[in-house]
Each structure stands twice: as C-alpha cells, then as structure tokens.
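Okay, so here's the structure we're looking at.
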Amino acid sequence: MNPLTCFSLTTTDHIAHLVLSRPEVMNTMNPAFWRELDAVLTQLHKSADARVLVISSTGKHFSAGMALDTFAGSITLDDQSAEGRAAIFDLLAGMQATFTQLETLRIPVIAAIQGGCIGGAVDMVTACCLRYATADAFFCIQEINIGMVADVGTLQRLPKLIPLAVVKELAYTGRKLGAARALACGLVNEVFDTPEALLAGALQCAKEIAAKPPVAIWGTKQAVHYARDHSVDEALKQMGWLQGIIWSNQHVRESMQAMKEKRTGRFPDLATLQYFNEKGL
C-alpha cells in the first residue's frame, strides 16, 4: 500500500487505529481520501492482524465532508446530457462502495467523533458499527444547504439508526444535531467531555472486542446486519446456518476458562484472504 497522505494507520494488540490527519483543512474528503480509505479498508479486510478498527480524527472537527474543490478538477459532474448524467450514477456508486466497505469489513468499526461531523462525514460514520462523541460534537446533513441531496449513504443508513422523523428534520433543514440529542436518539453510544477521554473510551471498547473470539465477532456482525434488513423468520433461519458454520466447542471452553481464571482468552485470528485477481497467484 502506498504511503498515506490523508490518514495515519497503526495496529497494536489487534486494534487498528485509522486517524484522519489533515486538520488544517478540517479533514475534508479530497480524491486522495477516497483512494487511501479504499486501499486501507481492502488491506484490513484481507489481513488477520486487526480484530477491530477505530477511526478518529485530529483538530477541531472530525471532518467537514467533501472538499469543495473535489469536482473542480478532472472529476466533473456533467448535467448537460443523458450520458453525462448516467456517469454521475457510476461515480456515486464507487464512492458509496468505499463507505460500504466499513459496513462489510470482517471486523467491527468504531468511530470517535469530535467537533463537526458534516456532510460526507455523516455518510462515513453511519456505516460504522459504533459511534462515540465529544460533548461539543455535532452532525449536519450539509448537502441540503448547498442545494443537493445527500447521496453516499446517510439517507439510507440513518433511518435504521434513529427515528425517521428526526432524519427528515435533519435532512430537510440542514440543522445541526448536537451530541446530547444524538445520544438521546441513539446515534451515538456515549458522550465524553474531551477528545482525550473520547479516544480512551473508544479504545477501551475496542480492547474488549479484540479479546473475544474473532470468528464469533465476525458471525455476530453478519447476523446483526442481516437481521436489520430481513424479517425475523428469515434472520432466524440465517442464524441457524451461520451458527452451524462457525460453532466451536474449543472457543466456548476457552472463553469460560478465561473468565474463571480472570485472564484474556486465547483465540486464533481470522484467516487471511487472497484474491484470484492478485499478482503472484
């Protein structure tokens, strides 16, 4: 993977930590952001090094969303022809797929959000499993304020996280949703006073997740997302097949023994992945 310019990435004790690292421009999402995030998530998905991913940021704001100059260069949105408008669909599909990787990643993803989480940043964090925030954090569906519809996941995922009437209020008005109300309606799991406490809290949760059998965490994420999008009967059937695939007496015995001995359990990592379209095969 090429050197990162929009992020820093470290992995310690099975916890991957991805940090947005352009505070001077409020961590806006330029073309390099999309390329690098896609590459990082692809690598994490293939690798067995990390059992959980924490995404945090730097500076006053988590992210101000899409960089204003993103579509001022070689990437343009042509609304002058049917062909140009059709190309917008395909361009958006690529961007949507990058954030969808957060949802389909084999490991849980935790977002630690300070300050503003605006526009595309809301698209990003709604694809994560858990969200923690500072007391001064706020969320804004900024797209409506600049004359467009949010198009990279917010309007599809947010209604599954908070009441629909709240989604409509935010999407129609472009108002800010503060941390206290975000906590009350279930968008964030916990609110912290400072960025330091926020990161410590997110990493503590990540540590607890990383201590569990990775294949059981994988199965849990699969089951929760399937249940979200299917009927109870369909999800119960899927759960039976899933449990039959990943059940491990050894993991259950080790988990119980570790609890008895007040120690961290010892579990194998997920298998590494390799794809047929990669070099060397």
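The values are calculated or read from the model by the stated rules, or taken from the named source; none is laboratory data. Since we're looking at a predicted model, the values are computed, not measured. Every residue, glycine among them, receives a Cβ derived from its backbone with ideal geometry; neighbour counts consider all protein chains shown. When the accessible area is computed, the model is the full protein with side chains, heavy atoms only, and any ligands, DNA or RNA have been set aside. Shrake-Rupley method; radii C 1.70, N 1.55, O 1.52, S 1.80 Å.
Share of carbon and sulfur in the accessible area of the chain stands at 59%, probe radius 1.4 Å. Here Asp229 and Asn277 are evaluated by their C-beta separation; at R0 = 25 Å the FRET efficiency comes out at 0.35. Using the Cβ-Cβ distance between Thr10 and His45 with R0 set to 22 Å, the FRET efficiency from 1/(1 + (r/R0)^6) comes to roughly 0.80. Work out, in µm²/s and without decimals, the Stokes-Einstein translational diffusion coefficient of region 67-168 at 25 °C, 0.890 mPa s, Rh from Kirkwood over C-alpha pairs. In µm²/s, the coefficient is 163. Using 0.36 nm per residue and subtracting the Cα-Cα separation, the extra length available between Ser81 and Cys185 on full extension is 33.2 nm.
Computed over neighbours whose Cβ is under 14 Å from that of Phe7, the net charge equals 0, Lys and Arg +1, Asp and Glu -1.
So what is the orientation-averaged projected area of region 143-281, using the convex hull of its C-alpha atoms, in nm²? Don't jump to the answer; show the numbers that get you there.
Working: hull surface 56.6 nm².
Answer in nm², one decimal: 14.1.
With 25 Å as the limit, the listed pairs Lys168/Lys207; Lys160/Lys221; Lys60/Lys168; Lys212/Lys260; Lys160/Lys237; Lys46/Lys212 have Lys168/Lys207; Lys60/Lys168 beyond it between alpha carbons.
From its DSSP helices (H runs of at least four residues, each -39,500 (n - 2.57)), the chain gives a residue-normalised ellipticity at 222 nm of -14000 deg cm²/dmol.
Work out the length of the dipole vector of region 165-281 about its Cα centre, built from +1 on the beta-carbon of each Lys and Arg and -1 on the beta-carbon of each Asp and Glu, and round it to the nearest 20 debye.
For this selection, approximately 120 debye.
Spacing of the modelled spin labels on Lys160 and Ile246, each 7 Å from Cα toward Cβ, amounts to 1.7 nm.
Here the chain yields Rg over Rh of 0.98, to two decimals, using C-alpha coordinates and the Kirkwood radius.
Counting pairs of alpha carbon atoms under 8 Å apart in space and at least six apart in sequence, what relative contact order in percent does region 26-147 give? Spell out each step's value before the answer.
Numbers: 176 pairs, mean separation 37.0, N = 122.
It comes to 30 percent, rounded to a whole number.
A Cβ-based charge dipole, computed about the Cα centre of region 72-161 with Lys and Arg at +1 and Asp and Glu at -1, lands at about 440 debye. Mind pulling the angle between the C-alpha long axis of helix 249-260 and the longest principal axis of the chain? Nearest 10 degrees, somewhere in 0 to 90. Orientation of helix 249-260: about 90 degrees from the principal axis. In the context of the full set of protein chains, the chain has a per residue accessible area of 53 Å² (1.4 Å probe).
Working from Cα pairs under 8 Å separated by at least six residues, relative contact order for the chain is 17 percent.
From the alpha carbon centroid of region 1-53 to that of region 193-256 is 22 Å.
Accessible area per residue was computed with a 1.4 Å probe on protein heavy atoms; Arg181 scores about 100 Å².
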